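The values are calculated or read from the model by the stated rules, or taken from the named source; none is laboratory data. Note that this is a predicted model, so its numbers are computed, not measured. Note: ideal-geometry Cβ built from the backbone for every residue, glycine included; neighbour counts use all protein chains shown.
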Amino acid sequence: MTDESVRADGVRVLITGGTSGLGRAMAAALLDAGASVVLTGREDGRAAAAAQELDDGSGRAIGVGMDVRDEDDVHRGVDRAQEILGGIDVLINNAGLGMRTVNPHFLSHPRPFWTVTPDGFRDLVATNLTGYFLVAREVVPRMLEAGGGRVVNVSMNHETMVRKGFVPYGPARAGAEALSRIMAADLAGSGVTVNVLLPGGATATGMIPEDFPPDLRATLLDPTVMGPPIRWLCSPDAAGVHDQRIVATEFEQPVRRSQETQ
């Protein structure tokens, strides 16, 4: 079965951090599959611009400003998304900050954890971990009331979570993955599914430092690697798939076997 044959017609999707990188690539794939997508970013203007660029004239891409770190803003943003879409079938938790925010040269010159500023640590964790919690906390009760839904939390390789110099990015993503497993346990049998999706390697996004060597940059994954698995996860073919860890680089067809060994 080809990627293009996997459809998500009429599926209503909220993607956090959808203005660039993995989020934008997933939004594009889902729009191509027939879904309606609200994508968020911290700035209203940037979110609206990204949606306009992605939209093919169908009006199925809408940008909403939402700061996932702020409980009140999350409530407002989710309300707006639900109003626009008429309901939320799928939440894709993707918004995140990269290591560049605490160390612009984190790949070539990793810094030990004790040199990370407390403010830098808090801000990244607030986005990459607490943000997943706040948005899911707002969306999932609405899904339960509606009788079902799907949550997809974007993660990264286990090796990167414990990589030298990766505080606080590694611990935040590790926490988000643990949160996902607990969410899945809490929601078992409820009609709301929770799965984890990760690229399977470093991707060519704005999180990569500007001084990253050109020869290594050429080896980075394209963000579009997330397209096939996210289309499937939002399609009827993935109904009932729950508590799985799906690696995009290993995803070859819409079956449940495309997951990383725990």
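General remarks:
- Qualifying residue in the stretch 87-102 (condition: farther than 26 Å from residue 177 by Cα, of a type outside the set (S, T, N, Q) and outside any loop (DSSP other than H, G, I, E, B)): no
- Across the stretch 70-103, the number of residues qualifying as within 20 Å of residue 127 (Cβ to Cβ), surrounded by fewer than 20 Cβ atoms within 10 Å (Cβ to Cβ) and not small (Gly, Ala, Ser) comes to 9.
- Among (1) under 23 Å from residue 39 (Cβ atoms); (2) out of contact with any Leu (no Cβ under 8 Å at 6 or more places or on another chain); (3) at pLDDT 95 or above, the one test that residue 171 misses: (1)
- Any chance residue 176 is under 15 Å from residue 98 (Cα atoms), in contact (Cβ under 8 Å) with a residue 60 or more places away in the chain and surrounded by 17 or more Cβ atoms within 10 Å (Cβ to Cβ): yes
- Scanning the stretch 30-87 for residues that are at positive phi and touching an Asp or Glu at 6+ places or on another chain (Cβ under 8 Å) yields a total of 1.
- Candidate set from the stretch 2-33 (those that are in a loop (DSSP other than H, G, I, E, B) and among the charged types (D, E, K, R)); member that is farthest from residue 137 (Cα to Cα): 7
- All of (1) at pLDDT 95 or above; (2) in a loop (DSSP other than H, G, I, E, B) hold for residue 111 with one exception: (1).
- Within the option set 163, 181, 231, being part of a helix (DSSP H, G or I) and either at pLDDT below 95 or surrounded by fewer than 17 Cβ atoms within 10 Å (Cβ to Cβ) (or both) holds for one residue only, 181.
- Filtered residues of the stretch 5-40 (kept if crowded, with 21+ Cβ neighbours inside 10 Å and free of Cβ contacts under 8 Å to residues at least 40 places away in the same chain): 27, 31, 37, 39
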